[in-house]
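Peer 1: Below is the structure I would like to discuss, written out as structure tokens.
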Amino acid sequence: MNGHKVAIIQSSYIPWKGYFDIIHDVDEFIFLDDVQFTSRDWRSRNRIKTADGTHWLTVPAGSDRSRLICEVTLDDAGWQTKHWKTLCHSYSRTPFFRQYASFFEELYLGQTWRNLSEMNQTMTQRIAHELLGIRTVFADSRGYAAQGAKLDRIIDLLRRCSATSYLSGPLAANYLEPQKFDALGIALQLKNYSDYPEYPQLYPPFEHAVSVLDLIFNTGPQAPEYIWGHRRAAMNNGQPVPTPAPPHP
């Protein structure tokens, strides 16, 4: 019987490459958006590289914490044009901007986003499937009607989707209780973000912790090689481990 590896993470705005690395490594990726929204977090913002250094792109989602992520509405669509103009200004000189400009222009200007979760999930799925060639199945936690809070909710989701292994980010080691996973026969794995190689990035010095858009615009079809493909190459050629990337959620 084949195993079923699952990851469960809150949706994020144009996530960094590590987020897609986790998506690539599992059979099913569940967006955990029926939990409390946290403002000034990856849910509604991310960083890009500019000639003046890193720059935050922030979706105006408000600071009310009495909402679930899936309940966050986007009332003013003006940010969509502003973000797209910023991306054009920052990445128009990259080797592959023209190749992918129409794809991202459609995401930013082709529709009006009214819900943060819907936007994050749609953008993430389209980037994963259409640009990075990932075949992972996506799901929304609401579809499983999981019970409990925090870790108990995660475990109930894993039980309901018949997971045999669970992959999480390294910071999860601070709250995960391995014995609970052992009791259900679910193997627990933590993602290692320390081996990403640097790529030709506009505007040095190099920075790992930026949106995956930076990698796509700079490396184009080779982007997957800088997220997970390099590991296969290293195993085949005996290459040394690249300079570690900094921690990231």
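The values are calculated or read from the model by the stated rules, or taken from the named source; none is laboratory data. The structure displayed is predicted, hence computed values, not measured ones. Cβ sites come from the backbone with ideal geometry, for glycine too, and all protein chains shown count toward neighbours. For the accessible areas, the whole protein counts, side chains as well, though only heavy atoms, and no ligand, DNA or RNA atoms are used. Shrake-Rupley method; radii C 1.70, N 1.55, O 1.52, S 1.80 Å.
Peer 1: Take the residues of the range 63-101 that are of a type in the set (Val, Ile, Thr) and assigned to a helix (DSSP H, G or I): which is nearest to the chain's Cα centre (by Cα)?
Peer 2: Per the stated criteria, the residue is Ile69.
Peer 1: So, one more: For the range 156-187, name all the residues that are within 30 Å of Gln222 (Cα to Cα) and crowded, with 17+ Cβ neighbours inside 10 Å.
Peer 2: Of everything in the range 156-187, those that are within 30 Å of Gln222 (Cα to Cα) and crowded, with 17+ Cβ neighbours inside 10 Å turn out to be Ser165, Tyr166, Leu167, Ser168, Gly169, Ala172.
Peer 1: Sticking with this one: Identify the residue in the range 130-155 that is in a helix (DSSP H, G or I) and surrounded by fewer than 16 Cβ atoms within 10 Å (Cβ to Cβ) and, among all such residues, is farthest from the chain's Cα centre (by Cα).
Peer 2: Only one residue tops the list, namely Asp152.
Peer 1: Ok, one more. Just for the range 37-59: of the residues that are under 19 Å from the mean Cα position of the chain (by Cα) and loosely packed, with under 13 Cβ neighbours inside 10 Å, which one is modelled with the lowest pLDDT?
Peer 2: Only one residue fits best here, namely Arg40.
Peer 1: Here's a follow-up. Being in contact (Cβ under 8 Å) with a residue 40 or more places away in the chain and not charged (D, E, K, R) is the filter here, so list the residues in the range 23-36 that pass it.
Peer 2: Ile23, His24, Val26, Phe29, Ile30, Phe31, Leu32, Val35
For every residue, the table says whether it meets (1) outside any loop (DSSP other than H, G, I, E, B); (2) within 21 Å of Glu225 (Cβ to Cβ).
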| residue | (1), (2) |
| --- | --- |
| Tyr13 | no, no |
| Arg43 | no, no |
| Lys49 | yes, yes |
| Glu106 | yes, no |
| Met123 | yes, no |
| Ala128 | yes, yes |
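Peer 1: Return a yes/no flag: does the range 63-73 have any residue that is within 27 Å of Asn218 (Cα to Cα) and open to solvent by less than 50 Å² (accessible area, probe 1.4 Å).
Peer 2: no
Peer 1: Could you list, in sequence order, the residues of the range 1-36 that are open to solvent by less than 10 Å² (accessible area, probe 1.4 Å) and acidic (Asp, Glu)?
Peer 2: Scanning the range 1-36 gives Asp21, Asp33.
Peer 1: Can you tell me how many residues in the range 109-129 are of a type in the set (Lys, Arg), under 14 Å from the mean Cα position of the chain (by Cα) and open to solvent by 70 Å² or more (accessible area, probe 1.4 Å)?
Peer 2: Matching residues across the range 109-129 total 0.
Peer 1: Let me ask something additional. Select from the range 188-221 the residues that are within 30 Å of Arg160 (Cα to Cα), open to solvent by 40 Å² or more (accessible area, probe 1.4 Å) and either touching a residue at least 24 places away in the same chain (Cβ under 8 Å) or aromatic (Phe, Trp, Tyr) (or both) and list them in ascending order.
Peer 2: Gln189
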